[in-house]
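The values are calculated or read from the model by the stated rules, or taken from the named source; none is laboratory data. Keep in mind that what you see is a predicted model, and the values were worked out from it rather than measured. As a convention, Cβ positions derive from the backbone with ideal geometry for all residues, glycine included, and neighbour counts pool all protein chains shown. These area figures cover heavy atoms from the full protein model, side chains too; ligands, DNA and RNA do not enter into them. Shrake-Rupley method; radii C 1.70, N 1.55, O 1.52, S 1.80 Å.
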Amino acid sequence: MEPASRSVKPLQGALLLALSALLFAFTGVGIREVSASVNNESVVFFRNLVGVLFFLPLLLVRGVRPLRTTRLKSHLWRTTYGLAAMYCFFYAIAHLPLADAMLFTYSAPVFTPLIAHIWLKEPLTRRMLISSLIGLCGVLLVAKPSAALFEGAALVGLAASLLAAFAFVSIREMSDSEPATRIVFYFSLFSALFSAIPLTWSWQPLDATQLSWLLGIGLLATASQVIMSRAYGLAPPGLIGPVAYLAIVFAGIIAWLLWGETPDSLSLLGAALIFAASLLSVARRRA
């Protein structure tokens, strides 16, 4: 049974998840720019380190009380899922065409309803399954995956989607007692500690411009994580998860504005399906 204290506010959750998707899109722009000169290990580490520094003002003003937790094990599991997904996504981006990697990145909501149903006993309705499938069809039209989708590296991308889905559901699982800020703080803290290990063999000197990009990426990603955690605390992942597909639409708009990458008719149709899936997932049922 779902704890009575766990909120179910799909409209508010969907709006927050849409805002989180927009911030993730801007984060992707920053990663695309900085990755030309900074290796993946450094990008992952600084993204998590900035996430820890993000909470310093809260610690200075309110002390450690808001961050005290009795669910350290749950935070460790959430970190394990999230950090493993992050590394898999970076691997997929490095070894697959960008469109294929994007497909894996945004297919996680397809798996969240089933995982949430098994793990948390959340309701699994036909509406959730249909909206997830519609959203995935939209992603396919936008991303246009190539034959490389069937190569060995694609398994890593699939693992990234599954791990991300587990991370989303783990956020939901903790939401009955853990606020979004606490969830993101422990994720950033543990992820920074774990992602520092690869730097022992992959460290590279960074100049001021690169550090500025990494700071911006970390701030955007952390703010997006806080908002996403709050969203999944307000509504089940299986219900509002398809709204995360909006990130690929936002990314397409930004790419068009910055780099003149004009979407074709299939991309526009895919964007329409993504929006339809997002609206269907939170639409009120008829009386």
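Some observations on this one:
- Among L234, L206, I248 - extreme Cα towards positive end, dipole of the chain, charges at beta-carbon: L234
- Mean Cβ neighbour count within 10 Å, used as a protection proxy, ranking 8-15, 118-125, 203-210, 273-280 highest first: 273-280, 8-15, 118-125, 203-210
- Within the accessible surface of the chain, defined with a 1.4 Å probe on protein heavy atoms only, the carbon and sulfur portion equals 71 percent.
- Pair L56, E261: separation of 7 Å Cα→Cβ label points (nm): 3.4
- Taking a straight line from the alpha carbon of K121, these lysines sit under 25 Å away, with near neighbours fewer than eight places off in the same chain left out: K9, K73.
- Global form of the stretch 183-287, assessed from the alpha-carbon gyration tensor, a/c cut-off 1.5: oblate
- Rounded accessible area per residue of the chain, 1.4 Å, Å²: 48
- Size of electric dipole in the chain: Cβ of Lys, Arg +1 and of Asp, Glu -1, about Cα centre, debye, nearest 20: 1220
- Heavy-atom accessible area with a 1.4 Å probe sorts R230, R126, R68, largest first, into R126, R68, R230.
- For E122, distant residues with modelled amide H under 5 Å away: H117
- Calculated FRET efficiency, L199 to R68, Cβ-Cβ distance, R0 = 30 Å: about 0.55 to the nearest 0.05.
- If you plug the beta carbon distance of L133 and S212 into 1/(1 + (r/R0)^6) with R0 = 41 Å, you get a FRET efficiency near 0.50.
- Look at the alpha carbon pairs under 8 Å that are at least 6 residues apart: their mean separation over the length of the chain gives a relative contact order of 41 percent.
- Kyte-Doolittle mean at least 0.5 and Cα axial length at least 27 Å: DSSP H helices in the chain: 10-34, 153-174, 208-234
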